[in-house]
Amino acid sequence: MGEHALTSHERPRTIAALGSSFAAGPTIQPVDDAHAMRSARNYPHLLAQTLGAALVDLTVSGATTANILSAPQTTMTGREFAPQIDGLPSDADLVTITAGGNDLQFIGSMLFAAWSKFAPGGPMARMLGEEFAGGIPNVTDHDIDSTATGLAAIVAAVRVRARQARVILVDYLTVVTEQTPTGGGEVFTDDELALFLRTQEALGQAYRLAADWSGAELLAVSRTSSDHGLGSEDPWVFGFRSVMATTAGSFHPNEAGMRAITDELSRLVG
């Protein structure tokens, strides 16, 4: 980090957020950018409001680590976004990073499973079926290392562009647990849930590796949310949403989840 990097005792003045939908907050109202499926009540916005800081929110739903680093991203509305790192302001003194789930096809595979049961043969099931022609992927150690490498590379790029920034990797809220209902009228089978649990654990492992390799701080909200997955009394993520206007929010942080992440971050940096 730069010589004058923000210390743990200083409140940030300018926050920049990089990431995908678990940071952007698709379908949470009000909408900040419809093309990015980005909410004005996602955790970057809530954190900036809480701390009285300026915010540059670069998050875009659907982004991979490559879309943050080097590859332009075209969203479902046809809007093209430059690599997120290109928009990072040099005076940012806190940068949050939440990405990697799309590298492992985490939520996409859940949507594929859900729509295949809710409306088999329908347009969403057909579209997602093209992406998952081989079925739900079984994450490998290579996939974990590749995702961790992408996250660590983002940290390195941030430190080049915003030398004074404190960099925090914010991992994913718990989506599924052993108690998530399966079978019957549910959208997941036992076998599918086992694969999703494996991918979820792999994502957490990728974050731990990235933090070790890069020296960035890790806020493991996956741990603090372990009792708030689908099937719990107080889930911090949406369940399956079968209405087209809101289906993109399925299995993503809900308002309570975004507030919980904000609270954890504000305790860490406030």
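Per-structure values
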{"item": "Criterion: in contact (Cβ under 8 Å) with a residue 60 or more places away in the chain, touching a Phe, Trp or Tyr at 6+ places or on another chain (Cβ under 8 Å) and of a type outside the set (D, E, K, R) - qualifying residue of Leu169, Leu88, Leu128", "result": "Leu169"}
{"item": "Candidates Leu230, Leu193, Leu268, filtered to the one that is surrounded by 18 or more Cβ atoms within 10 Å (Cβ to Cβ) and touching a strand residue (DSSP E or B) at 6+ places or on another chain (Cβ under 7 Å)", "result": "Leu230"}
{"item": "Close pairs from region 43-63: first touching a residue at least 12 places away in the same chain (Cβ under 8 Å) and among the charged types (D, E, K, R), partner crowded, with 19+ Cβ neighbours inside 10 Å and in a loop (DSSP other than H, G, I, E, B), Cβ under 8 Å, at least 6 apart", "result": "Asp57/Asn42"}
{"item": "Residue match in region 11-32 (condition: at positive phi and loosely packed, with under 14 Cβ neighbours inside 10 Å)", "result": "no"}
{"item": "Filter pass, Thr182 being farther than 30 Å from Asp93 by Cα and touching a Phe, Trp or Tyr at 6+ places or on another chain (Cβ under 8 Å)", "result": "yes"}
{"item": "Test: residue in region 98-105 that is more than 14 Å from the chain's Cα centre (by Cα) and of a type outside the set (Asp, Glu)", "result": "no"}
{"item": "Considering residues of region 161-179 that are buried (at least 20 other Cβ atoms within 10 Å of the Cβ) and of a type in the set (Ser, Thr, Tyr) only, the residue nearest to Leu265 (Cα to Cα)", "result": "Tyr172"}
{"item": "Helices (runs of 4 or more DSSP H) wholly inside region 159-270 containing at least 2 residues that are among the hydrophobic types (A, V, I, L, M, F, W, C)", "result": "190-214, 255-269"}
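FYI, it's all coordinate maths here, none of it is from the lab. Because the structure is predicted, anything quoted here is derived from the model rather than measured. Note that we place each Cβ from the backbone using ideal geometry, even for glycine, and neighbour counts take in every protein chain shown.
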